[in-house]
Amino acid sequence: MKGNGFSFNLLNFVLGVAFCVWIADGSSLFTDDWGFYLYLCVAVVIHELGHVVMGKSFGCFIKEMQVFFLAFVSYKPKRVAGGSSWRDIKWSLGVLPLGGVTVFKSRATFDAAEVDGMAAGNWNIGVDAAKSPYIEDKPAWQRLLISAAGVLANLATFLLLYVVLPHLPFEWYDFLRPLAVLSLLLAVLNILPVYPLDGGSIVFALYEMITGKSPSPAFTKACSWIGFAFIVLFFWVFPEWLNGILRSVFSLFF
């Protein structure tokens with residue numbers, strides 16, 4: 001297979017660093033505390049692994065798990081005969097610390113030739129959702145759980161630390177508390193019912209479960225653009241709205 005091993009994208013790295021330097025000037029979204037980004041990276045890894053593990057449990061073929069955006073370094077394990085399906089996943093790290101993404105194979109983008117030893121016809125499973133590797137072939141309740149898995153992983157991390165932290169020595173409390181805070185932060189932000197956030201995907205899955213109909217591709221695409229505009233306004237232009245929500249949530253626990 002092409003693309004095995006490590007790869008480095010210098011252009012993405014330069015663009016990402018330049019963008020961070022530009023937007024960090026006077027912005028409350030970024031900080032010069034590098035420790036913050038390490039904690040955020042761990043919280044995002046936990047979130048995306050939630051999607052990966054849940055997707056794998058339902059037989060989905062996962063193309064890539066990316067932490068942060070504008071990926072500059074990636075690793076693709078070499079496919080071996082009889083090897084784990086986890087070796088099909090490309091693991092990527094980006095420059096922009098604004099979340100992550102898990103890329104599932106779909107009928108629109110799937111290339112069976114990428115899979116060693118698999119003929120194209122073997123992947124055209126049809127109506128057998130249990131055997132199909134395509135995310136859109138899975139029933140709505142499974143896609144709902146896949147979408148919610150990242151939020152659930154972050155919530156589980158937060159609740160575990162919230163219960164354990166008061167019983168730990170101060171140095172461990174001080175070391176792990178930022179991870180608890182950021183885990184709750186990611187859970188709250190991603191559950192917002194805005195597509196393409198996880199909350200938006202959950203709403204689409206619930207709609208399909210109730211009506212028996214899935215949203216049209218055109219409607220989904222329109223929602224993605226509207227959601228992107230909303231995210232830009234909500235996170236960058238009017239961050240006081242977001243700060244108000246976060247303060248209300250965190251006041252319940254801290």
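How much accessible area per residue does the range 36-94 have, counting only protein heavy atoms and a probe of 1.4 Å, in square angstrom? Write out the running numbers ahead of the final one.
Working: 2480 Å² over 59 residues.
Normalised by residue count, the accessible surface of the range 36-94 is 42 Å².
For the range 160-228, what number results from the quotient of the Cα radius of gyration and 2.2 N^0.38 Å? Can you show the working numbers first?
Working: Rg = 18.2 Å, N = 69, 2.2 N^0.38 = 11.0 Å.
So the range 160-228 has a normalised radius of gyration of 1.66.
If I model a spin label at residue 6 and residue 174 as a point 7 Å from the Cα along the Cα→Cβ vector, what separation in nanometres do I get?
Placing both labels 7 Å along Cα→Cβ, they lie 3.4 nm apart.
On a 25 Å Cα-Cα criterion, which of the cross-link pairs 78/221; 63/213; 78/138; 131/221; 131/213; 76/213 come out too long?
On the way: 78/221 34 Å; 63/213 27 Å; 78/138 28 Å; 131/221 27 Å; 131/213 22 Å; 76/213 36 Å.
Pairs exceeding 25 Å: 78/221; 63/213; 78/138; 131/221; 76/213.
Cα atoms only, the range 153-196: Rg and Dmax in Å?
12.2, 41
By accessible area of protein heavy atoms, probe 1.4 Å, what ranking do 213, 90, 138 get, highest first?
Order by accessible area, largest first: 213, 90, 138.
Given the whole protein assembly as supplied and a 1.4 Å probe, what does the accessible area of residue 10 come to in Å², nearest 10?
The accessible area of residue 10 comes to roughly 110 Å².
Can you tell me the accessible area per residue over the range 156-219, all protein chains present, probe 1.4 angstrom, in square angstrom?
Heavy-atom SASA per residue in the range 156-219 reads 59 Å².
The values are calculated or read from the model by the stated rules, or taken from the named source; none is laboratory data. Please read these numbers as outputs of a predicted model, since none were measured by experiment. Methodologically, a virtual Cβ is constructed for each residue, glycine included, from the backbone with ideal geometry; neighbour enumeration extends over all protein chains shown. SASA here: full protein model, heavy atoms, side chains in, ligands and nucleic acids out. Shrake-Rupley method; radii C 1.70, N 1.55, O 1.52, S 1.80 Å.
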